[in-house]
Amino acid sequence: MSYKSHSVLATTGDNKVLPELADRLRNTSVSVIKEMMYLGAQEKAKGKNIVSLGVGLPFYPAPENIHEAAIKALHTKPDIDKYTLLTGLPELRGVVAQKSEEMLFRKVSPEEILITPGSMAGLLYSFLALVNPGEEVILPSPYFSSNGEQVSIAGGIPIPVAMIEDPELGFRLDVEKIEKAITKKTKAIVLNNPQNPTGAVYQKEELLALAKVLRNKDIYVITDEVYDFLVFDNFEYFNIATLDFLWPKVIRCCSLSKKYGMMGWRIGYLHTNKDLLMNILKIHDANIVCAPHISQEAAIEALTGPQEKVKDHFKWLSQNRDTICKRLDLLPDLFSYVKPRGTYYVFPKYLLPIPSIEMAKRLLYEAGVVTVPGVGFGPEGEHHLRLSFGSPQKDIEDAFDRIELWWKKQK
């Protein structure tokens, strides 16, 4: 196993580094998700009535006990305005280690845990620590668009590998294609499971087959587990990090954002082997020093306090899934889709012969509905739209009323 061993701080003395980074940033496009959000906001600013199925945020706030814990910390923690340790509050790392043990069925040390300002930071840290310029990262495609941007910022080359689009099971890993895509330059593969944008939950069999391919290769597995609590219909969720023979080469990037409605608190964690964690810590230190202290206190309460609200969050999003699927079923001449097994996204294929960016813009400007064009998630996403059912149910109904009316006018 190998990863970047130099100090991030030391690289800033190399005159080539900052110009190269500037070039990479110039050549990395802004996420199509953010672009559609911006265009929708522009329309709202003009006074137009806009409803969104694009934003990847759940509609519910953090539970009140989390707010109360943060208020209490403000009044009772003398050091609340100060940094924590780089790695995070020891109590929080201990809680996260315990929760990880329960999920992975093996001993987890707090020394393997880094508290991060959201899982996005953990993902970027992982790419910056592992990927040297010109090295490749495999992204099962369609893939979460920010992953491709992060790989590019690290100087790597995103390698989209098409998933199998099964008309009954939805998107699945194509292990044979992944194996063929591996080269001497391959440094890592990203597994976002459950998957944004498709709503897929990878089957245990396909993950075991992938693990077999990776077993004797010097390739890291970076997992994005943001939606691990959102698996519907009692479908089995299997975490590839449970496989001991892969563990030294796995980096888990996790978040409290969606599960607890804590998006704005920017709090998550990274879990990997201690040696690699220390290398990633250099980037964390150079970037932000530590995750927000107040957010870490809130996270302790989120993980150790009552979990009834999480059950409510799951129930509400499950009901929203039923609602959006029923509305899609009423438009069989416009959409085909597979019911999502996880997340709060559905990824329907639309049946018009136009690019997905054009389709999304037409729905925005002609129907007043924000969606996200599938091509923003890799070439395999073309002719799809990502629709979020994380919005309030009334917004889902309103959006589809508008889409139905728009579609009648097209006929």
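Contact map, region 20-43: residues that are at pLDDT below 55 paired with residues that are buried (at least 16 other Cβ atoms within 10 Å of the Cβ) and part of a loop (DSSP other than H, G, I, E, B), Cβ distance under 9 Å, separation 6+ or inter-chain. Pairs shown: L21/G155; R24/A154; R24/G155. Given the criteria farther than 18 Å from A121 by Cβ and either touching a residue at least 60 places away in the same chain (Cβ under 8 Å) or out of contact with any strand residue (DSSP E or B) (no Cβ under 7 Å at 6 or more places or on another chain) (or both), does A188 qualify? No.
Right, D233: at positive phi, surrounded by fewer than 24 Cβ atoms within 10 Å (Cβ to Cβ) and either assigned to a loop (DSSP other than H, G, I, E, B) or among the acidic types (D, E) (or both) or not?
Spelling it out, D233 is indeed at positive phi, surrounded by fewer than 24 Cβ atoms within 10 Å (Cβ to Cβ) and either assigned to a loop (DSSP other than H, G, I, E, B) or among the acidic types (D, E) (or both).
Suppose the filter is in contact (Cβ under 8 Å) with a residue 12 or more places away in the chain, surrounded by fewer than 16 Cβ atoms within 10 Å (Cβ to Cβ) and either in the same structural domain as G122 (by TED's automatic domain parsing) or assigned to a helix (DSSP H, G or I) (or both); does V375 pass it? Answer is no for this residue.
Across region 122-134, which residue is farthest from the chain's Cα centre (by Cα) among those that are farther than 18 Å from D218 by Cβ and buried (at least 24 other Cβ atoms within 10 Å of the Cβ)?
Y125
Within region 247-281, being assigned to a helix (DSSP H, G or I), farther than 14 Å from S126 by Cα and either outside the structural domain of V95 (by TED's automatic domain parsing) or aliphatic (A, V, I, L, M) (or both) holds for one residue alone: M263. Selection within region 123-148: residues that are touching a strand residue (DSSP E or B) at 6+ places or on another chain (Cβ under 6 Å) and in a helix (DSSP H, G or I). The member of this set that is farthest from S255 (Cα to Cα) is L130.
Collect the residues in region 158-174 that are crowded, with 18+ Cβ neighbours inside 10 Å and either outside any loop (DSSP other than H, G, I, E, B) or more than 19 Å from the chain's Cα centre (by Cα) (or both), keeping them in residue-number order. Full working, then the answer.
Filtering region 158-174 for residues crowded, with 18+ Cβ neighbours inside 10 Å gives 158-161, 163, 165, 170-174.
P158, I159, P160, V161, E165, G170, F171, R172, D174, listed by residue number.
Selection of region 328-343 for residues being part of a helix (DSSP H, G or I) and crowded, with 19+ Cβ neighbours inside 10 Å yields only L328. When D224, D174, D233, D244 are checked against the criterion of being in contact with a helix residue (DSSP H, G or I) (Cβ under 8 Å, 6 or more places away or on another chain) and assigned by TED's automatic domain parsing to the domain that holds P133, D224 stands alone in meeting it.
Restricted to region 55-73, and to residues there that are part of a helix (DSSP H, G or I) and β-branched (V, I, T), the residue that is farthest from R321 (Cα to Cα) is I71. Does V151 satisfy being touching a strand residue (DSSP E or B) at 6+ places or on another chain (Cβ under 6 Å), touching a residue at least 24 places away in the same chain (Cβ under 8 Å), of a type outside the set (D, E) and buried (at least 18 other Cβ atoms within 10 Å of the Cβ)? Yes; evaluated as a whole, the condition is true for this residue. Among the residues of this structure, K77 counts as one that is over 16 Å from P306 (Cα atoms) and at pLDDT 95 or above.
The values are calculated or read from the model by the stated rules, or taken from the named source; none is laboratory data. Computed from a predicted model, the values in this text were never measured in an experiment. Neighbour counts are summed over all protein chains in view; Cβ atoms, including those assigned to glycine, are modelled from backbone coordinates with ideal geometry.
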